[in-house]
Amino acid sequence: MPKKEMAADIAANLMTRTRDALMARDFDAFIACFHLPVTVETVDGRQEVRNRAEARTVFDGLVSAFDAQNLTWSDRRLAQTDVISDARIEFVYLAQNFRGRDPVGERYPNFCQTRRIGEEWRITYSMHAVPVAFKHRDALLGAGTPLPA
């Protein structure tokens with residue numbers, strides 16, 4: 001079973017890579033962090049994103065929402081990591097969005113389940129408590145198959 005410190009490194013790596021890929025508008029780097037299908041959930045619902053085309057729609061929606069709000073950065077801080085098994089880690093991070101140097105809104109929590117797929121760790125489920133004021137809340141559910149609550 002991965003040690004807690006190793007799990008925190010894995011979580012921090014995925015948290016940072018997804019943020020950096022989003023900020024760089026690099027879909028290939030972004031999707032490399034996920035195992036499809038992936039379930040994405042917000043307070044508005046949850047969906048299964050089944051393939052690259054659906055993932056691309058979600059990614060493009062996120063980029064558009066960030067651009068529409070003039071968000072230039074998202075600071076992410078790892079809050080908690082749990083080792084569930086040899087092949088599963090769960091983590092919570094807090095996100096704070098910025099417009100230049102100015103924070104926009106409050107920090108909000110995000111939860112991810114990851115699995116080891118071969119030698120790689122990938123996100124298989126994510127839940128985002130994005131405040132309603134952020135347009136990317138809708139983008140997270142912008143493609144895929146709606147799942148029952």
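The values are calculated or read from the model by the stated rules, or taken from the named source; none is laboratory data. Predicted, not measured: the structure shown is a model, and the values here were computed from it. Because the Cβ atoms are built from the backbone with ideal geometry, glycine has one as well, and the counts that use them run over all protein chains shown.
Quick rundown of the values:
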read-out: Matching strands (runs of 3 or more DSSP E) fully within segment 3-96 where at least 3 residues are surrounded by fewer than 15 Cβ atoms within 10 Å (Cβ to Cβ); value: 73-85
read-out: Close pairs from segment 58-69: first among the β-branched types (Val, Ile, Thr), partner surrounded by fewer than 16 Cβ atoms within 10 Å (Cβ to Cβ), Cβ under 7 Å, at least 6 apart; value: VAL63/ARG25
read-out: Unmet requirement for GLY100, which otherwise passes all of (1) surrounded by 14 or more Cβ atoms within 10 Å (Cβ to Cβ); (2) more than 16 Å from ALA8 (Cα to Cα); (3) in contact with a Ser or Thr (Cβ under 7 Å, 6 or more places away or on another chain); value: (1)
read-out: Those residues of segment 11-39 which are in contact with a Ser or Thr (Cβ under 7 Å, 6 or more places away or on another chain) and farther than 22 Å from ALA68 by Cα, in sequence order; value: ALA11, LEU14, CYS33, HIS35, VAL38
read-out: Residue satisfying condition, being more than 18 Å from THR18 (Cβ to Cβ), out of contact with any Gly (no Cβ under 8 Å at 6 or more places or on another chain) and not in a helix (DSSP H, G or I), within set PRO109, PRO103; value: PRO103
read-out: Among the residues listed as MET15, MET23, MET6, the single one being of a type outside the set (Lys, Arg), free of Cβ contacts under 8 Å to residues at least 60 places away in the same chain and closer than 19 Å to VAL130 by Cα; value: MET23
read-out: Considering residues of segment 10-56 that are touching a Pro at 6+ places or on another chain (Cβ under 9 Å) and among the basic types (Lys, Arg) only, the residue nearest to TYR93 (Cα to Cα); value: ARG46
read-out: TYR125 vs. criteria of a type in the set (Ser, Thr, Tyr), modelled with pLDDT of 95 or more, out of contact with any Asp or Glu (no Cβ under 7 Å at 6 or more places or on another chain) and under 30 Å from GLU5 (Cβ atoms); value: yes
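Rundown of residues vs (1) within 15 Å of MET23 (Cβ to Cβ); (2) acidic (Asp, Glu); (3) at pLDDT 90 or above, yes/no style:
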residue	(1), (2), (3)
THR39	no, no, yes
GLY45	no, no, no
ASP60	yes, yes, yes
ASN70	yes, no, yes
ASP86	no, yes, yes
ALA95	yes, no, yes
